[in-house]
């Protein structure tokens, strides 16, 4: 009796430790992490001294950091971490205003990379031509609809 309990405890400990081992050839999927404001060179080049806060917000977007202790400064921060390689890329850009709320100067990574170099989602769409029906084919009536099978009727009965 005592030996069987000891054997059971040893077997369960071996199974639990086996669950924590991961072979080196198994790699989990890690996603790319993009945080902050993506600023392109086109956006930065549209900034002119004397622009209002609203104009700057329209061009660059809402700042990531608007400190209450430094109300004349907005910070735009961008950070990208590649999930496969773990390489981290970060950029910082600051916008300074005068006491009247007009753009005075900018600081930081002014020469921001092109938008194509950053990993922003790109809308991809494709037009697929399914063909057009000729006049004769369009005039033909559609074939009669088939009755659903037994399984489909049961699923419909339960609302699936």
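A few points about this structure:
- Of the residues 103, 47, 142, 39, the one with the fewest other Cβ atoms within 10 Å heads the list, and the complete ranking is 142, 47, 103, 39.
- Counted by neighbouring Cβ atoms within 10 Å, the residues 1, 43 run from fewest to most as 1, 43.
- Full-stretch length increase - residue 82, residue 30 - with 0.36 nm per residue and alpha-carbon distance subtracted: 17.9 nm
- From least to most packed, judged by other beta carbons within 10 angstrom and beginning with the fewest, 91, 3, 152, 79 follow the order 3, 152, 79, 91.
- Fully extending the segment from residue 157 to residue 64 would add 28.2 nm, taking 0.36 nm per residue of separation and subtracting the current Cα-Cα distance.
- Label separation (residue 10 vs residue 42): 7.1 nm, computed from points 7 Å beyond Cα along the C-beta direction.
- Averaging 1/r across all pairs of distinct Cα atoms in segment 30-119 and inverting the result yields a Kirkwood radius of 13.8 Å.
Read-outs: derived from the displayed coordinates by stated rules, not from any lab. Everything numeric here is computed off the predicted structure, so don't read it as measured data. Backbone-built Cβ (ideal geometry, glycine too); neighbour counts: all protein chains shown.
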